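One structure is given here, and the rest of the page talks about it.
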Amino acid sequence: MTSTPAVPETVTSPRWRDRKRYWWPLGLLIPLSPFLSWFLVEHLHLGLFWATGAWILVLVIPIADLIAGEDGQSPPDDAIPLLQKDRYYRWCTYLFAPLQYVGLVFACWCWVHAPMATGEKIALAMTVGVVAGVGINAAHELGHKNETVERWLAKIVLAQSLYGHFFVEHNHGHHVRVATPQDPASARFGESFWAFLPRSIIGGLTSGWQIEKARLHRREKRVWSPANAIVQTSAMSIAVFGALIAAFGWQITPWLLLQAFAGISFLEAANYLEHYGLLRNRRPDGSFVKVRPEDSWNSDHLVSNLFLYQLQRHSDHHANPRLRYQSLRGHATAPQLPAGYAVMIVCAWIPPLWRRLMDRRVLDYYDHDLTRINTRTAQL
């Protein structure tokens, strides 16, 4: 295998402090981006600023990553118990939900009442879609926790993007089957993002429903009932969309659907790059070994980590899914992406560019042994 960057510095002093502690609220700029879009258009009179949320994702964060560089520091083991208990970090994610929905209501008002051309309405839908996509990531963080309030907040956040099944499938499907041919959210070597997108959406929904159906059968409960987490989240989405359409009229329907699709696409682009081509080792009986840090692509770019709640430290997340985002650590043995998620998501949208950047990295990582790579023909 090719060499990997040195492990981020781990300080063992009991006086260790999270140098990013007071920077985490920066992530809340994303749900505020509809308001920022309106402010910039109002004062600069340029309609392109309705897409401010998208510009933040594809321009501002990559440039900031380039300037700030990599993080380079992980919390030591003896600091993690206190980090886990520190409720300050929880409020940085708790606040996402109310800000997300205030921004969504404001966007609906703009679609109806602001003087906007069709292209500008599409641009605002992209901004709201970025909020929805990052919101799914916030729900990802919340949904892994055991506290009731966090799990319900995860479902509420997912309602905007019509992606409530993610709450079930990610925890009980993806984490079990990650980096195997059976996982719809693990991209195969040579598979374009545009081929992966429908496979992951349909496969994830089907898998999530089967998982929830089996859970309810074990508990001797009806599948079509309020106890079904996917029914719950679907009802939330219907309630949210119904309330907004009742308040602002049917004309907002296409924009609501467009922002939901954009949010799903942003999230699935992250899924695509997180495990592209990676395949877990097998035991002699053909079963897969436990997930290792080597089964996820990582990136430790500082600014992207702040906006994505350290989703980029994906190896540690899969190894320790109950760890909160502030406690995640870098892994020297994990394969490394050439840039932060914001840059790599854009690259994923352009298949020739993606394959030029990533295929040789996959091949080098596995010493060009195709039997160790997750391909379309990998043995199930």
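The values are calculated or read from the model by the stated rules, or taken from the named source; none is laboratory data. Because the structure is a prediction, the values reported are computed rather than measured. Cβ: placed from backbone, ideal geometry, glycine included. Neighbour counts: every protein chain shown. Just so you know, the surface numbers come from the protein's heavy atoms only, side chains and all, with ligands and any DNA or RNA stripped out. Shrake-Rupley method; radii C 1.70, N 1.55, O 1.52, S 1.80 Å.
Listed values, structure above:
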quantity	calculated
Residue within region 57-72 that is out of contact with any Gly (no Cβ under 8 Å at 6 or more places or on another chain), among the charged types (D, E, K, R), part of a helix (DSSP H, G or I) and open to solvent by 20 Å² or more (accessible area, probe 1.4 Å) present	no
Residue tally, condition of a type outside the set (A, V, I, L, M, F, W, C) and within 16 Å of Arg215 (Cα to Cα), over region 175-194	0
Lone unmet requirement of (1) closer than 19 Å to Trp250 by Cα; (2) within 25 Å of the chain's Cα centre (by Cα) for Gly119	(2)
Search result, residues across region 109-132 that are under 22 Å from Glu268 (Cα atoms) and open to solvent by less than 10 Å² (accessible area, probe 1.4 Å)	Leu124, Ala125, Thr127, Val128, Gly129, Val130, Val131, Ala132
Any hit, region 261-273, residues being among the charged types (D, E, K, R), closer than 30 Å to Ala243 by Cβ and either touching an Asp or Glu at 6+ places or on another chain (Cβ under 6 Å) or in a helix (DSSP H, G or I) (or both)	yes
Helices (runs of 4 or more DSSP H) wholly inside region 147-259 containing at least 1 residues that are open to solvent by less than 60 Å² (accessible area, probe 1.4 Å), among the β-branched types (Val, Ile, Thr) and more than 30 Å from Met344 (Cα to Cα)	193-218, 229-248
Residue check for Ala348: open to solvent by less than 50 Å² (accessible area, probe 1.4 Å), touching a residue at least 12 places away in the same chain (Cβ under 8 Å) and either in contact with a Ser or Thr (Cβ under 7 Å, 6 or more places away or on another chain) or over 23 Å from Ile63 (Cβ atoms) (or both)	no
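Matching residues to (1) farther than 19 Å from Arg177 by Cβ; (2) within 18 Å of the chain's Cα centre (by Cα); (3) of a type in the set (Phe, Trp, Tyr):
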| position | (1), (2), (3) |
| --- | --- |
| Arg283 | no, no, no |
| Asp300 | yes, yes, no |
| Tyr325 | yes, yes, yes |
| His331 | yes, no, no |
| Gln336 | yes, yes, no |
| Val343 | yes, yes, no |
| Val346 | yes, yes, no |
| Pro351 | yes, no, no |
